[in-house]
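Structure record follows, encoded as structure tokens.
The values are calculated or read from the model by the stated rules, or taken from the named source; none is laboratory data. Computed from a predicted model, the values in this text were never measured in an experiment. Glycine also receives a Cβ, built like all others from the backbone with ideal geometry; neighbour counts cover every protein chain displayed. In case anyone asks, the SASA skips ligands and DNA or RNA and just uses the protein heavy atoms, side chains included. Shrake-Rupley method; radii C 1.70, N 1.55, O 1.52, S 1.80 Å.
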Amino acid sequence: MPSWSRSGSPAVPGHPVSGEEAFIVQRQGREVRFMVRSLTKPAETQPWRALFPLLLVAQRITRRRYLRALR
């Protein structure tokens, strides 16, 4: 029988991006899956709105680090 756990959090006011992230861990037998889901859009304020493309790159790097830490 599969079991899972998840945690999610919205971006707080003043954060460089607007949206939320969810971290989901699912286990079925000896197999474990880790998923990161994010809904991201630019913050309403400058300079973050102009820097949004760079923030997406930083988000991808962070995601890779999460996965590397689990290996």
Q: Only residues in the range 32-46 that are within 23 Å of S3 (Cβ to Cβ) count as the first member; pair them with residues that are of a type in the set (S, T, N, Q) and open to solvent by less than 90 Å² (accessible area, probe 1.4 Å), Cβ under 6 angstrom, at least 6 apart or cross-chain, and list the lot.
A: R33/Q26
Q: Among what's in the range 27-71 and is part of a strand (DSSP E or B) and over 16 Å from the mean Cα position of the chain (by Cα), pick the residue that is surrounded by the fewest Cβ atoms within 10 Å (Cβ to Cβ).
A: E31
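Applying the selection to the range 45-71, what residues are among the charged types (D, E, K, R) and in contact with a strand residue (DSSP E or B) (Cβ under 7 Å, 6 or more places away or on another chain)? Working first, answer last.
Of the residues in the range 45-71, the ones among the charged types (D, E, K, R) are 49, 60, 63-65, 68, 71.
Matches in the range 45-71: R49, R63.
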Q.
If I filter the range 11-23 for residues that are among the acidic types (D, E) and over 14 Å from the mean Cα position of the chain (by Cα), do I get at least one hit?
A. no
